[in-house]
Amino acid sequence: MKLAQRLLLGAVLIVSIMMVVAVALSGQRLRNQLQQLTNAQLAREARLIAQQWRSGVDADALADSAGAALGHRVTLVDATGTVLGDSEFDGPALAALQNHNNRPEIIEARRSTLGTSRRVSPSEGDEELYVAVSPAAGEGRVARVSISTVALDDIVSRAQRDVLVSGLLALLIAIALAAVFSRQVTAPVTELRDVASAIAAGDLSKRPAISAPGEIGELATAVQRMAEQLGSRMQALEAEDELLGALVESLNEGVLAIDQHRRVIRINRSGRHVLNVHAATPFSIDLLPRDRTLHDALTEALGGGVVERVETHFGNRTLALTARPLGVGGAVLALFDLTGVRRLETVRRDFVANVSHELKTPLTAIRGFAETLTSELASDQQHAQFAETIRSNAQRMQHLIDDLLDLSRIESGGWAPTPVDVDVAAAAAEAAAPYREEASQRGTTIQVAVDPRAATLWVDPVALRQALGNLVENAVRYTPTGGSITIFSRIEDHAVAVGVRDTGAGIPAEHLPRIFERFYRVDPARSRAAGGTGLGLAIVKHLVEAHGGRVRAESKVGSGTTVSLLFPTSS
């Protein structure tokens, strides 16, 4: 389809759409405004009639006279819903009218003195607009005025016909103007198309011969400048490509660029060294080391996905991979050598484990002697207090060392979960049992709320009890008197969430991202005074991640904290 035809059809389509929208909007807005004005008028009439309906006044006579004066149907209903007067019905017909207690406008008027509704009248058989007024809220008597909606709909229909006629006239004018305009535009555009095609084919000597005011002339000038600058831009791109190549080569991280045909089109020196690749670019990604993590990351990125920092091993090297798709197709892969970092972490873990083992024996002896001294010096209050201080601090250090050993064992891979089907309610009860007495002394309740759909969990039972125990211990420690602690389970998407919710003081938002770090304390002074080691949540995180799960903390200051352990479902 040519440009002139597209312009003509576009103008017709735009005007047609505007005409349809204008008809619809004008009709709807006019209908709403008419109904609002009519409601207000009927409300004033109903209030006037309600004021005239006093004790001793004949309701039917008042309804007849008011209906004749207003030209609207007037209905008077008593507190029992019986129609005492109606301008449209008299005698037996009036007595045969249904009880009006179930009419929506009557119900609303008795509740708030004014009620409205638009519905089909059972007695008249047509759609009517009703406005009912009660002299006071809660009073049973109601005066109602109604009007048929046929007149309102006629006004709206006439207005819509007027708008439609105007729109059709505008459409005819738009078609005539678009036909003239399209012929003036297409001729210079056709010439510019030919010039642009020649430049795209490599003929930079081609220039447009158009000299005209307005956008067409500006476009011709722009095409001419484009042809003149194209050569210099090509030189600039070549220089930029050389600079980019130098920067990539200077990086310590390995960088690979893969095109949409699954070929490596650029790889820097660090990438070749890490991957032990010597082929000249471009070469197929099949020549890269046959590592599943590497090829899965490339496949994901080539498919449009993003791979954020996954680790893999090449021989004796540990690498972190990051892969991202390119907008024009292909992907970029970044490699960071973590071998040295992981070696230092191993040294640190071994050091912590060795020191903890060495400290455990003397601390056990210190604690034992301190307990002996405490019992032997019971009559000497001051010395007994000194011995008790030694015992409590030795016990706290033992807890710290036990936590360090657990954490070191999990991180070093010395422990692997042995999952079985675990009854969540039973595991929660066992985890909470050691802390119920302390919670009771604090005036805190511990309860279990297990979703029947999450009653069992495929998990290592010892790990689950330890994780829940650490969470309950924290909750008991930081929940004030009168608070509550709930151990829960529920289904969340494709995971089973097990966790602990308390009504404690809560954690400020700025601390939430770091509470699972080892030794991190929101309030160090309070945590030490409460006896915490700062390792409980770190252990919980590692236990859950060993199952392929993740942890999540939600908290609001003053409203409590919820820590959820999300385990993948067995399916």
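Exactly one of these conditions fails for PRO480: (1) modelled with pLDDT of 90 or more; (2) surrounded by fewer than 15 Cβ atoms within 10 Å (Cβ to Cβ); (3) within 33 Å of the chain's Cα centre (by Cα). Give me its number.
(1)
Just give me the residues in region 281-293 being more than 21 Å from ARG269 (Cβ to Cβ) and surrounded by fewer than 13 Cβ atoms within 10 Å (Cβ to Cβ), in sequence order.
ASP286, ARG290, ARG292
I'd like the residue in region 294-306 that is in contact with a strand residue (DSSP E or B) (Cβ under 6 Å, 6 or more places away or on another chain) and exposed (fewer than 15 other Cβ atoms within 10 Å of the Cβ) and, out of all such residues, is farthest from GLY329 (Cα to Cα).
VAL306
May I ask you to list the residues in region 41-80 that are surrounded by fewer than 16 Cβ atoms within 10 Å (Cβ to Cβ), touching a residue at least 24 places away in the same chain (Cβ under 8 Å) and either part of a helix (DSSP H, G or I) or small (Gly, Ala, Ser) (or both)?
Listed by number, the residues that qualify are GLN51, ALA61, ALA79.
Do we find a residue being at pLDDT 90 or above, of a type in the set (Gly, Ala, Ser) and not in a strand (DSSP E or B) anywhere in region 401-413?
no
Restrict the check to region 418-436 and report whether at least one residue is touching an Asp or Glu at 6+ places or on another chain (Cβ under 7 Å) and not in a helix (DSSP H, G or I).
Within region 418-436 (the criterion being touching an Asp or Glu at 6+ places or on another chain (Cβ under 7 Å) and not in a helix (DSSP H, G or I)), the answer is yes, since at least one residue qualifies.
Sort out which residues of region 291-328 are closer than 25 Å to ARG343 by Cβ and not in a strand (DSSP E or B), and write them in order of number.
Answer for region 291-328, where residues must be closer than 25 Å to ARG343 by Cβ and not in a strand (DSSP E or B): ASP291, ARG292, THR293, LEU294, ALA297, GLY315, ASN316.
So that you can scan it fast, the table gives a plain yes or no per residue for (1) assigned to a helix (DSSP H, G or I); (2) assigned by TED's automatic domain parsing to the domain that holds ARG290; (3) surrounded by 11 or more Cβ atoms within 10 Å (Cβ to Cβ):
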position	(1), (2), (3)
GLU218	yes, no, yes
MET234	yes, no, no
LEU237	yes, no, no
GLY271	yes, yes, yes
VAL277	no, yes, yes
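If ALA66 meets every condition in (1) within 17 Å of SER134 (Cβ to Cβ); (2) within 58 Å of the chain's Cα centre (by Cα); (3) aliphatic (A, V, I, L, M) apart from one, which number is that one?
Result: ALA66 passes all but (2).
Do the conditions hold for GLN35, that is, is it modelled with pLDDT of 85 or more and within 13 Å of LEU152 (Cβ to Cβ)?
no
Can you name the residue in region 145-184 that is polar (S, T, N, Q) and assigned to a helix (DSSP H, G or I) and is also nearest to SER134 (Cα to Cα) among such residues?
Among those residues, the one meeting the criterion is SER157.
The values are calculated or read from the model by the stated rules, or taken from the named source; none is laboratory data. It should be emphasised that the depicted structure is a prediction, and the values quoted were computed from it without experimental measurement. A quick note on method: Cβ atoms are made from the backbone with ideal geometry, for glycine too, and the neighbour counts reach across all protein chains shown.
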